[in-house]
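Novice: Below you will find the structure I want to go over with you.
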Amino acid sequence: MCGIVGAVAQRNITPILLEGLKRLEYRGYDSAGIAVLDKSAKLQRVRVAGKIKDLEQAINATQLLGQTGIAHTRWATHGKPTVENAHPHICRDQIALVHNGIIENHARLREQQKNLGYEFTSDTDSEVVVNQIHHYLEQGEDLLSAVVKTTTILEGAYALGVINRGDPDRIIATRSGSPLVIGVGIGEHFIASDVFALLPVTQQFIFLEEGDIADIRRDSLTIYDKNQNEVQRPVKLSELGPDVADKAGFRHYMLKEIFEQPTAIIDTLEGRLDKGLIVEDAFGHAASNIFDTVDAIQIVACGTSYHAGLVAKYWAEDLANVPCQVEVASEFRYRDIFVPKNTLFVTISQSGETADTLAALKKAKESGFVSTLTICNVAESSMTRESELVFLTRAGAEIGVASTKAFTTQLVSLLLLILTIARRHGSDSVTEKEIVSQLESLPGKINSVLELNEQIRDLANHFASKNHALYLGRGTMLPVAMEGALKLKEISYIHAEAYPAGELKHGPLALVDNEMPVIAVAPNNTLLEKLKSNLHEVRARGGKLYVVTDTSAEIDSDVDIELLKISPVSEYMSPIVYTVPLQLLAYHIAVLKGADVDQPRNLAKSVTVE
């Protein structure tokens, strides 16, 4: 979603703000802007509807200089992506503000402020916040208390950065429902939506907790909790280096991250295995006692993480012999739920800030679940702080909007979780050791698939002129097919749907013709013969088939069937391995179509608003 950067220092901070925005581009945005206080404490602002490179050109033309400032990349929610709606917003040349989130009671506040004589220059919900802060300043409040009073009447989610002409060396920052971190330098401080934005200037960070308000100056920092009590938050050293956003010679971040998957899986497994068995403490010190009581699992997630959960459902009921429900977070959080006795609540999220999943987690903590566990890629995220148990995927920074290595490491993490619970209900140590051994050889299996990159790129030529595609799978390959279809939609803008192969005759078969490519995910397993029958149904109606299978499967290619054969893999590794060729296929199709692979239109990396 929207990205925030801010700085208060003894040097010109415009280049720092600009570099921070560049590092937040992966979050998705459609406009950008910077506001600084110059030497005379006058507010100077530059905004554009477009990319950071356009903002940089505009700044170079104006010589924007300042030692205190805030910057923003906006992903449009209220109001179109125009210059007028871009942040920072300014009220009466005195207060400037950047905002990430959604203010739900903005319409009522807007009417109240109009009655007070405020004029609006944008269609955004954010403008009511800067006006409200100004209103309280006019009533005699200082900047900190004006922000505090404003937050008490806001409904919704927000992360805010505020500067004031009357306090030229000061930023007030606060968060509720949207992430915000403080970077600690020598004689300077920074704020940002995540640490990646600030890695060139510091590796020391304070992660604000829900409701925190920070009074930030060059050489001092005071943090208050949601009850306005002064608190100390720990300073943490980031293990990420400033080159984390380097493409390392790859054309796009997405391709780099696809090729990083073997290493990401090695990192995910490191320290979590001992003598061929899973170390239960990897899920938290209380994990063993909690898992002893678990008789059912509820998984809640969004998007790609939801697909990972669907695969885990098959594993849970097969290996652990426990019922497992999987639900989209945006549905779960808004309905009355029945919680079976001794159910473990599991959330999955790359960022740990996904608004709907975070809200579902908070609901779950009040709903009678035996415990909560978050599988996440960001150690200091809101979800990891809210959840009793945590398992970090260690995928490393994922910059491309379309998730790749986060998905495969989520699958590995979920399999470790299911095997751990299975000790109480299902598989024995022999089965666990067999699957752990397969996990240890998994990076090599994925490397073998990556060697097919050129072949997959050639295959992509068949899709560049298509407008629709159908993905088929059975068993655990159905969620894999769903993920493949999602990747194609996300980055190439080709409409794609995934179906259980056995459901073809119940409707989707009506779509099949020679303009509808059909991609089947078909490892050589117990369902292969069933799937072959479904493939014959497609061929009989003139459909063109593209089958991802293994070298042991007896499927012959001909004019109607293109085969992509990979080395055989075990039943439990196949959902992870078969995901990779579908990622590469979507990537190469998007490149052929000239799409913006890393920043697809209308999408954001971290969905921190509803």
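The values are calculated or read from the model by the stated rules, or taken from the named source; none is laboratory data. Everything quoted here is computed from the prediction, not taken from an experiment. Cβ: placed from backbone, ideal geometry, glycine included. Neighbour counts: every protein chain shown. Keep in mind that these areas ignore ligands, DNA and RNA; they rest on the heavy atoms of the full protein, side chains included. Shrake-Rupley method; radii C 1.70, N 1.55, O 1.52, S 1.80 Å.
Novice: For the stretch 275-294, how many residues are within 13 Å of THR420 (Cα to Cα) and outside any helix (DSSP H, G or I)?
Specialist: Number of matching residues: 8.
Novice: Is it true that some residue in the stretch 303-316 is more than 30 Å from ASN453 (Cβ to Cβ) and touching a Cys at 6+ places or on another chain (Cβ under 8 Å)?
Specialist: Yes: one or more hits.
Novice: Right, next: Taking the condition of being buried (at least 16 other Cβ atoms within 10 Å of the Cβ) and farther than 25 Å from ASP194 by Cβ, how many residues in the stretch 127-141 meet it?
Specialist: Here the count works out to 8.
Novice: I would also like to ask the following. So, in the stretch 297-323, how many residues would count as being open to solvent by 30 Å² or more (accessible area, probe 1.4 Å), touching a Pro at 6+ places or on another chain (Cβ under 9 Å) and not in a helix (DSSP H, G or I)?
Specialist: 1
Novice: Among the numbered criteria (1) crowded, with 19+ Cβ neighbours inside 10 Å; (2) outside any strand (DSSP E or B), which one does ILE171 miss?
Specialist: (2)
Novice: Count, please, the residues in the stretch 446-475 that happen to be open to solvent by less than 30 Å² (accessible area, probe 1.4 Å) and under 23 Å from PRO262 (Cβ atoms).
Specialist: 7
Novice: Restricting attention to the stretch 350-376, report how many residues are in contact with a helix residue (DSSP H, G or I) (Cβ under 9 Å, 6 or more places away or on another chain) and open to solvent by 30 Å² or more (accessible area, probe 1.4 Å).
Specialist: Matching residues across the stretch 350-376 total 5.
Novice: Are there any pairs with C-beta distances below 6 angstrom linking a residue in the stretch 115-126 that is in contact (Cβ under 8 Å) with a residue 12 or more places away in the chain and open to solvent by less than 40 Å² (accessible area, probe 1.4 Å) to a residue that is outside any helix (DSSP H, G or I) and of a type in the set (S, T, N, Q), with the two at least 6 apart or on different chains, and if so which?
Specialist: Close Cβ pairs satisfying both conditions: SER122/ASN85; THR124/ASN85.
Matching residues to (1) at pLDDT below 90; (2) part of a loop (DSSP other than H, G, I, E, B); (3) among the small types (Gly, Ala, Ser); (4) open to solvent by 10 Å² or more (accessible area, probe 1.4 Å):
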| residue | (1), (2), (3), (4) |
| --- | --- |
| ALA7 | no, no, yes, no |
| GLN10 | no, yes, no, yes |
| PRO15 | no, no, no, yes |
| GLU19 | no, no, no, yes |
| ALA32 | no, no, yes, no |
| VAL36 | no, no, no, no |
| ALA41 | yes, yes, yes, yes |
| ARG45 | no, no, no, yes |
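Novice: Could I ask something else about it? Search the stretch 324-338 for residues being free of Cβ contacts under 8 Å to residues at least 24 places away in the same chain and part of a loop (DSSP other than H, G, I, E, B), and hand back the single one that is least open to solvent (accessible area, probe 1.4 Å).
Specialist: ARG335
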